[in-house]
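So the structure is just underneath, and the comments pick up after that.
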Amino acid sequence: MPPSDLISLGQPPATIDWNGSPTTLAVQQRAVMAQTSNGSMILAFQNISEMNNAGKLSLTSGGSQPQFLVAPALALQPTILINNWQADNLNLANISANTNTPIWIAAFGPCLGSPPQTLPTNGDVVPVALYTALKATTDPNWMQLGFQANSGGLCLFAIIGGPQDANGNNAYAIALNSQYGNTGPGTAKPAPPGYYATTSGNSYSYEFNWGSSLLFVYYFGSGSVLADVPKAGDAPPTVTLGSM
């Protein structure tokens, strides 16, 4: 009989303390965030193996059942997951079948990841690179947040801010040049699971009145080479924020 391995999903052999910074997990390695935000957080992950190896993460929080996240082989873009883990811990384990399947992970949200750049509120155009974080203090009136893609490729943004909904969520994913077409508020089609809105076009606007509060914007590109290099040749998209 050939040898086999039995792995505990709760306690893989190698564990690292994780604060959300970009990290690469080897197979059978686990990252543990001791306490998440008590609000929405964005988890990004990507299989960065150069072999044709399908990858898989096991995600647990508190005493929850494992959630299995597929990290597709040869993907050139991250996958994001938006959730409120309600100040509980977060455990991510690389349980891929092939040992040559490293998976890149990063968390995005207030006080997570790289310090954000300032997003002015006067409507100035701000170019963004892959994984850029922007931060603004909104005015106490109606405002419009604008997204503009300057290429024909998919552009995925996420925003955090405003009041939480009934599920404790206040983060929203918006995709430009999307294969899903026009979905979400103001359209006849609901957005795909996990999205707030998608558009087949290269621009989108989001209107809101949150009073004076903090707004965070994150850009996840349409693809990357290995961990964090945007596709060559694509003009960077832009973000604007201004009062109405």
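Output the antiparallel fraction of DSSP beta bridges having both residues in the chain, as a percent to the nearest 5.
90
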### Summary
Per the C-alpha gyration tensor (a ≥ b ≥ c, the square roots of its eigenvalues), segment 117-243 is rounded if a/c is under 1.5, else prolate if a/b beats b/c, else oblate; here it's oblate
### Query
Which FRET efficiency, nearest 0.05, do residue 188 and residue 14 yield, Cβ-Cβ r, R0 45 Å?
0.35
### Task
Please say if segment 126-196 is rounded, prolate or oblate, where rounded means a/c under 1.5 for a ≥ b ≥ c the square roots of the C-alpha gyration tensor eigenvalues, and otherwise the choice is prolate for a/b larger than b/c and oblate otherwise?
oblate
### Task
Could you give the size of the charge dipole of the chain about its Cα centre, using +1 on the Cβ of each K and R and -1 on the Cβ of each D and E, expressed in debye and rounded to the nearest 20?
220
#### Entry: Signed unit charges on C-beta, dipole axis of the chain, positive-most listed residue 106, 134, 25
25
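FYI, it's all coordinate maths here, none of it is from the lab. The structure displayed is predicted, hence computed values, not measured ones. Glycine gets a Cβ as well: all are built from the backbone with ideal geometry, and neighbour counts include every protein chain shown.
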